[in-house]
Amino acid sequence: MLQCDVLVIGSGGAGLATALLASEKNANVIVVGETYPTRSQTCMAQGGINAALGNISADSPAQHSIDTLKAAAGLASEQMVKRLCESAPETIFWLDAIGVPFSRTPDNKIAQRRLGGTANTRACYSQDYTGLKILHTLYDQLLAHKIPCLNERFLLELAVDDNTVKGAYFYNIREGKIETILAKSVVLATGGYSGIYHGYTTNTRQSSGDGIAVALQAGAVLSNMEFIQFHPTALKGSGILISESARGAGGTLINQNGERFTDELAPRDQVSRAIWQELSKGNQVYLDIRHLGESFIDEYIPQERKLCLTYAGIDPVHEPIPIAPVAHYSMGGISVDQNHMSTIRGLFAVGECANARVHGANRLGGNSLMEIIAFGRECGITATNYAQQCAMPQSLSDKHVSNHLQQLLDLPHKQNFYDIRTETGTLLYQKAGIIRDKESLSIAKETIESYVAQLPRMGILDHGNIYNTNLIERLKFENSLLLARVILEAALFREESRGAHFRTDFPTQRSEYEKESLTLLEKENINTRFQEVAS
């Protein structure tokens, strides 16, 4: 049985940044991931990482905070936003120092571009591969520091006693066995949940909110789960992300008649709704970058051209890109305090799986990469400080976890859960998507509850031990249904429109709802309430 001071679950940017700082403080760290670090969702963050460097135009952390708070629509903590924005320049310099190959200006400063919803040119970038370059650099550092990274382990359950985390149970996908890791502190960096909009998302299948679901089942409080951001520009029919960098570079949104219909650099919720309205009229919508020219596209946004050629068979140098908005980012997550600790002692959360109260009702493009690095570094320190005050937990039994897995394997295969997974993605997109109302949300809630009732009929066909992806996908599907219930309950509860949450039956923002929603699981019942946004 393995043991460590700090157990980091998730090997994307947030997890690796956390692990590096914990290791620097001499903590014994283990990183565990469902897949490999270089396959994490961080690689999909293309456009840039926000920091008020002022290399292109005048800027300041104060203006960065103003832009962030404006987008958050009253649901962010001014203190946490200020902390994020003031630490952003130092975070960029740290990334630069460890080798992130940022694009440069002619005088060798870090290049910056403007993204939507910002007053200034602020996003530092590396062509349109920013997240990937950051992630690969962090992974290089992880290897250099000889921090162990256990790949292909699926999180089954957190070990919690007296509201204190003791470690976690994993399923070794490669070998088909349960593994237990004891830890003084545990950090969840498992990513967001917009992948449950299956078929209508920019996210990978790993982004089904498993860490959030496991935390909820262990007794942690979730917050603002109704807030899902829909990215305006994904390739129509595939959900492949076309980065905001394309609009930041001067790309325009047009319909089939060549008419522009919105401000391309407005906040993402506004742009997505404008596109949705065009599509609802029966129009086609395109992102047009032809006027930028082939040499510019190949130098500054080469990935967008490659994606269009590969997945749509079109060359954006010569023809406009057919697009549609899809689920992209989840603002809600595990509720954490200023030290990034959840309501369970010793359980920390960072990155998209956490609600650190910096995005509120709507996230600015470029702020997600900054959050995972800046707050990941903070979390590495606070999780280590906590661990230094604790004794190593005693040995844990995995018998109950093993019994649960066996019960799942014994279920009859009378209903194909893959079909229901597809139906769930379509249902959520249509009924709890860009535009919502009580009737559509209620229909979705009733349907999801019927799917939950059918779970005992949804067994699996593969009972093997080695790389049983059928088993893992079934476990993920059950987690996604739990989170769908939470999302719908919170969305029904919030009778207003705010940021990314837009209801046609309550189209305005209401002052009495300038509060965060909190969700707790009590004897399988989902209980949601509102409270003032924590400072």
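Taking only C-alpha pairs under 8 Å that are 6+ residues apart, what is the relative contact order of the range 232-326 in percent?
On the way: 140 pairs, mean separation 37.4, N = 95.
For the range 232-326, the relative contact order is 39 percent.
Counting only DSSP beta bridges with both residues in the range 232-326, what percent are antiparallel, rounded to the nearest 5?
Numbers: 10 of 10 bridges.
In the range 232-326, DSSP labels about 100 percent of beta bridges as antiparallel.
What list of ³J(HN,Hα) couplings, whole Hz, do you get for the range 106-113 from phi and the Karplus terms 6.51, -1.76, 1.60, once you set θ to phi - 60° and write x for glycine and proline?
x, 9, 6, 7, 5, 6, 9, 9
Modelling each spin label as a point 7 Å along the Cα-to-Cβ direction, I'd like the HIS291/SER397 distance in nm, to one decimal.
Calculated label separation equals 7.0 nm.
Restricting the count to DSSP beta bridges whose residues both fall in the chain, what percent are antiparallel, rounded to a multiple of 5?
Details: 48 of 69 bridges.
The answer is about 70 percent antiparallel.
Can you work out the FRET efficiency for the pair ALA119 and PHE93, with r the C-beta to C-beta distance and R0 = 30 Å, to the nearest 0.05?
For R0 = 30 Å, the calculated efficiency reads 0.85.
What is the extension gain from LEU411 to LEU143, computed as 0.36 nm multiplied by their sequence separation minus the C-alpha to C-alpha distance, in nm to one decimal?
Answer, rounded to one decimal: 92.3 nm.
Only four residue types carry charge here, +1 at the Cβ of Lys and Arg and -1 at the Cβ of Asp and Glu. Report the dipole size of the range 475-535 about the Cα centre in Debye, rounded to the nearest 20. Present the calculation step by step, with values, prior to reporting the outcome.
On the way: 9 positive and 11 negative charges, 29 e Å.
It comes to approximately 140 debye.
Report, in deg cm²/dmol and to the nearest 500, the calculated mean residue ellipticity at 222 nm for the chain, where each DSSP H run with n ≥ 4 adds -39500 (n - 2.57) and the sum is divided by the residue count.
Details: 14 runs with 191 residues, N = 535.
The helix-only estimate for the chain comes to -11500 deg cm²/dmol at 222 nm.
Over all distinct alpha-carbon pairs, what is the Kirkwood Rh of the range 233-374 in angstrom?
16.7 Å
I'd like the distance separating the alpha-carbon centroids of the range 9-57 and the range 163-231, in whole Å.
16 Å
Mind checking the dipole of the range 399-505: about its Cα centre, +1 per Lys or Arg Cβ, -1 per Asp or Glu Cβ, Debye to the nearest 20?
Dipole size: approximately 180 debye.
Report for the range 414-535 the percent antiparallel among DSSP-assigned beta bridges with both residues inside it, nearest 5.
90 percent
Quote to one decimal, in nm, the extra length available between GLU319 and GLU86 on full extension: 0.36 nm per residue of separation minus the C-alpha distance between them.
In short, 79.7 nm is gained.
Which chymotrypsin sites (Phe, Trp or Tyr not before Pro) in the range 384-478 pass both tests, a DSSP loop state and at most 16 other beta-carbon atoms within 10 Å?
Qualifying residues, ordered by number: TYR467.
For a label point 7 angstrom out from the Cα of VAL452 toward its Cβ, which stretches of the range 483-504 have the backbone nitrogen within less than 12 Å?
Correct set: 483-490.
Report the Cα centroid-to-centroid distance between the range 334-356 and the range 92-155 in angstrom, as an integer.
Rounded to whole Å, the Cα centres lie 23 Å apart.
Taking amide H atoms as placed 1.01 Å from N in the peptide plane, list the residues 5 or more away in sequence, or in a different chain, whose amide H sits under 5 Å from that of CYS4.
Hits under the 5 Å cutoff: LEU182, ALA183, LYS184.
How would you rank 501-510, 281-290, highest first, on the average number of other Cβ atoms within 10 Å across their residues?
Details: 501-510: 15.8, 281-290: 17.6.
Order by mean packing, descending: 281-290, 501-510.
Using the Cα atoms as the points, what is the convex hull volume per residue of the range 399-505 in Å³?
Once divided by residue count, the hull of the range 399-505 is 113 Å³.
Quick check for you: which residues of the range 374-401 have the amide N under 13 Å from the point 7 Å beyond the Cα of ILE178 toward its beta carbon?
Residues passing the 13 Å test: 396-401.
For the chain, what does the relative contact order come out to in percent, with C-alpha contacts under 8 Å and a separation of six or more?
RCO, the chain: 21 percent.
ASN525 versus GLN430, label points 7 Å from Cα toward the beta carbon: distance in nm?
The two pseudo-label positions are separated by 3.2 nm.
Just subtract the alpha-carbon distance of THR504 and ASP419 from 0.36 nm times their residue separation and send over the number in nm, one decimal.
27.6 nm
Any chance you could tell me what percent of the C-alpha pair distances in the chain go past 30 Å? Working shown, then result.
On the way: 66026 of 142845 pairs.
Cα-Cα pairs of the chain separated by over 30 Å account for 46 percent.
Report, in whole Å, the centroid distance computed from the Cα atoms of the range 490-531 and the range 439-489.
Here the answer is 23 Å between Cα centres.
Each reported figure results from applying straightforward, stated rules to the coordinates on display, with no laboratory input. Predicted model only: the values in this text are computed from it and were never measured. In this analysis, Cβ positions are derived from the backbone assuming ideal geometry, glycine residues included, and neighbour counts consider all displayed protein chains.
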